[in-house]
Amino acid sequence: MRPFFSLLLLTAFLLPSCVQSSPKPLPTISPLSASATPPLTPTFTSPPPTQTATTQPPTPSPTLPSTTPTNSPTATSEFTLQQGMSLPLDRPLIAYEAYSGQNKVLLLADPIARTIYEFSFPTTARFATPFLAGLSPDTRYFVYFEGGELETLYDVEYLHTSIPDLVLHVLDLRSGEVIFSTPLLSPSFPEDLVPIAETIKDDWTFANFDAPFEEVVEAIQEMLLDYIRNVAWSPDSSMLAFASQDPGPSSDLYFFYPESKTARRITDDPGHVLKIYWAPDSSALALDTSLYDRHAREDTTYVLSRWGTLLTSLTSQVWFFHHWHDSTHAFFYGGTDAGDLFELKMVSAPDWTITMLWEGSYSDIAFTPDLSIFLLSSVMPSAPSPPDPGLFLGRTDDGSLRMLSEIWGWGAVSYWGSERFTFAASSIDGGIIGVTQDGEYMTLDDGYWHLATSPDGIYLAGYYQYRYGYSPSILPGLRIFDGNGLKRVAIDDVSVTCVHWNAASTVLAYQAEGRLYLWDVASGSTRLISDQLDEEECAFNWVLDTP
């Protein structure tokens with residue numbers, strides 16, 4: 001019994017039928033100062049007071065001029081292919097997945113030497129979800145699995161097995177040797193799931209439909225197998241976090257240490273391991289667990305130190321782990337079936353207490369690094385604040401919330417951190433705008449885009465991958481702006497799956513319609529690396545890449 005929840009549901013602002021017929025025009029503003037944004041002083045020490053929205057529209061000004069963009073990438077790749085084992089370790093590389101015949105391979109591209117290194121695996125290999133999660137950030141190790149059978153349903157791979165034949169392997173890419181192997185299912189799998197099923201067989205999910213007991217066991221088994229290939233290397237590559245159901249009955253979190261080639265069990269939670277999120281400095285991780293998938297599923301999230309000690313936990317049907325803001329603050333969001341997300345909670349070091357960071361609702365929200373100022377979009381408010389859809393600027397010190405735009409359909413917002421703009425936002429009718437910490441904003445371009453700022457805050461990339469059924473107002477392409485909002489790149493009519501800046505902010509890698517490109521900041525030129533990537537899913541990342 002596999003519950004089927006459609007992956008094709010779109011938010012209302014993406015549906016043609018829901019786009020406003022007569023949207024209000026985006027107001028322009030007065031010219032922005034060219035001076036650097038003054039530093040922000042950390043002020044958030046306790047839950048902020050209740051926010052009250054006030055509307056203070058900005059004053060008009062012209063749209064920024066654009067420079068002549070460079071948008072003609074090389075037509076063929078200039079990279080040479082060779083087998084792995086001799087990787088350079090002194091420079092950033094780009095890891096990506098591709099197919100060689102019927103088999104997946106790992107490729108590592110060296111942008112400086114223009115060389116691609118290929119690593120192949122046994123034909124019986126299964127891979128982590130996603131594939132590149134198996135690669136350690138230092139490119140030394142790669143995780144793969146053997147056992148079970150894979151079924152693809154709506155472009156998603158599902159693992160099936162009724163015997164304990166699933167094994168995890170850690171491969172040393174330098175030597176080509178497997179340095180660690182461990183079974184992931186207990187010898188008594190799946191019979192040992194029966195005691196768990198006995199504890200939940202009367203839950204409404206099963207009782208309301210008179211589900212036979214075998215379907216209860218099957219639901220637990222599917223949850224276990226759907227997530228057991230989720231692995232997570234610590235950012236410093238010193239540890240691998242993975243799930244194992246041996247000894248059972250549910251899967252638990254384990255740490256593998258490549259230096260000693262040993263592993264140890266960390267948790268014995270009654271729920272299965274679902275997802276693992278490391279803090280940026282490898283000091284802690286968040287772990288999601290649950291027993292079976294259903295509507296209004298109850299998850300427990302644990303925050304653990306790198307030593308495996310429990311720091312805090314949260315069990316809920318409406319609050320879920322969102323992301324690490326930095327190494328000492330993590331966000332949890334609230335969400336239901338309808339309306340915006342709501343009530344953003346934060347867990348903070350050193351005592352790891354959970355506090356309310358924002359009590360209202362939001363479609364998307366972005367904070368300055370010190371958490372003093374935030375920008376939020378709202379499409380369908382699900383809390384008293386904000387009272388209406390639009391774009392809002394807030395402060396955590398005084399609880400103020402200022403409406404910047406009444407335009408419906410603001411979606412993506414992002415912290416930018418350039419000298420001129422603190423935030424960026426995007427909507428179908430409002431286009432891309434840059435927003436200062438004082439709430440002034442400037443239109444940079446038309447169109448709705450996903451946003452990706454460079455680590456140094458100087459550049460902003462906007463990109464979109466168009467899919468069938470989206471609003472005709474949404475167009476695919478790529479835009480790159482400098483810190484003053486001037487357009488450096490404009491590429492139209494090409495679906496861009498994802499983009500990633502390198503840590504030095506000197507190169508943007510992007511995936512467009514199965515091809516992987518590099519855009520160089522200094523020269524403005526674009527090079528093709530490979531045309532072997534998947535057209536639908538993001539299939540690359542930077543590795544060996546430190547600021």
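The values are calculated or read from the model by the stated rules, or taken from the named source; none is laboratory data. This is a predicted model, so every value here is computed, not measured. For neighbour counting, all protein chains shown are included, and Cβ atoms are generated from backbone atoms with ideal geometry for every residue, glycine included.
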If I filter the stretch 375-393 down to residues being in a loop (DSSP other than H, G, I, E, B) and of a type outside the set (A, V, I, L, M), which single residue comes out as nearest to residue 426 (Cα to Cα)? 389
If you go through the stretch 523-545 one residue at a time, do you hit one that is buried (at least 16 other Cβ atoms within 10 Å of the Cβ), of a type in the set (D, E, K, R) and part of a strand (DSSP E or B)? yes
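If I ask for residues that are assigned to a loop (DSSP other than H, G, I, E, B) and among the basic types (Lys, Arg), which ones from the stretch 271-300 would you list? Walk me through it before giving the result.
First pass over the stretch 271-300, keeping only residues assigned to a loop (DSSP other than H, G, I, E, B): 271, 279-283, 291-298.
Scanning the stretch 271-300 gives 294, 297.
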Top-ranked residue in the stretch 237-257 [being touching an Asp or Glu at 6+ places or on another chain (Cβ under 8 Å) and assigned to a loop (DSSP other than H, G, I, E, B); ranked as nearest to residue 305 (Cα to Cα)]: 238
Just to be sure, is residue 109 surrounded by 20 or more Cβ atoms within 10 Å (Cβ to Cβ) and aliphatic (A, V, I, L, M)? yes
Contact list please: Cβ distance under 6 Å, first residue in the stretch 254-275 and farther than 12 Å from residue 288 by Cα and in contact (Cβ under 8 Å) with a residue 12 or more places away in the chain, second residue basic (Lys, Arg) and part of a strand (DSSP E or B), pairs at least six apart or on different chains. 254/265; 255/264
Long-range neighbours under 7 Å by Cβ, at least six apart or interchain, first residue under 16 Å from residue 157 (Cβ atoms) within the stretch 111-133, second basic (Lys, Arg): 126/229; 127/104; 128/229; 129/229; 131/104
Pick from the stretch 285-297, criterion of a type in the set (A, V, I, L, M, F, W, C) and free of Cβ contacts under 8 Å to residues at least 60 places away in the same chain, ranking: farthest from residue 236 (Cα to Cα): 296
If I filter the stretch 247-262 for residues that are more than 26 Å from residue 219 (Cβ to Cβ), aromatic (Phe, Trp, Tyr) and surrounded by fewer than 18 Cβ atoms within 10 Å (Cβ to Cβ), do I get at least one hit? yes
Would you check if there is a residue in the stretch 326-347 being β-branched (Val, Ile, Thr), modelled with pLDDT of 95 or more, closer than 30 Å to residue 270 by Cβ and part of a strand (DSSP E or B)? yes
Check 289, 336 and return the single one that is within 30 Å of residue 366 (Cα to Cα), surrounded by fewer than 16 Cβ atoms within 10 Å (Cβ to Cβ) and not aromatic (Phe, Trp, Tyr). 336
Looking across the stretch 348-374 at residues that are in a loop (DSSP other than H, G, I, E, B) and either in contact with a helix residue (DSSP H, G or I) (Cβ under 6 Å, 6 or more places away or on another chain) or among the hydroxyl-bearing types (Ser, Thr, Tyr) (or both), the single one that is farthest from residue 395 (Cα to Cα) is 363
Condition first: among the polar types (S, T, N, Q) and closer than 30 Å to residue 113 by Cβ. Can you find one or more residues in the stretch 480-491 that meet it? no
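Filter the strands (runs of 3 or more DSSP E) completely within the stretch 144-235 down to those with at least 2 residues that are buried (at least 18 other Cβ atoms within 10 Å of the Cβ) and touching a strand residue (DSSP E or B) at 6+ places or on another chain (Cβ under 7 Å). If you could, list the steps in order and put the result at the bottom.
Working: elements: 149-153, 156-160, 167-172, 177-183.
Because the criterion is at least 2 residues that are buried (at least 18 other Cβ atoms within 10 Å of the Cβ) and touching a strand residue (DSSP E or B) at 6+ places or on another chain (Cβ under 7 Å), the strands (runs of 3 or more DSSP E) in the stretch 144-235 that meet it are 167-172.
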The stretch 236-284 - residue that is among the aliphatic types (A, V, I, L, M) and out of contact with any Ser or Thr (no Cβ under 9 Å at 6 or more places or on another chain) and, of those, farthest from residue 138 (Cα to Cα): 266
Looking for whichever is touching a His at 6+ places or on another chain (Cβ under 8 Å) and more than 20 Å from residue 357 (Cβ to Cβ) here; the options are 262, 267, 300, 289. Which one fits? 289
Do the conditions hold for residue 370, that is, is it within 25 Å of the chain's Cα centre (by Cα) and either buried (at least 22 other Cβ atoms within 10 Å of the Cβ) or of a type in the set (Phe, Trp, Tyr) (or both)? no
When the residues of the stretch 449-499 are narrowed to those that are closer than 29 Å to residue 547 by Cα and among the basic types (Lys, Arg), which ends up surrounded by the most Cβ atoms within 10 Å (Cβ to Cβ)? 479
Those residues of the stretch 394-448 which are crowded, with 21+ Cβ neighbours inside 10 Å, assigned to a strand (DSSP E or B), among the polar types (S, T, N, Q) and touching a residue at least 60 places away in the same chain (Cβ under 8 Å) amount to 405, 427
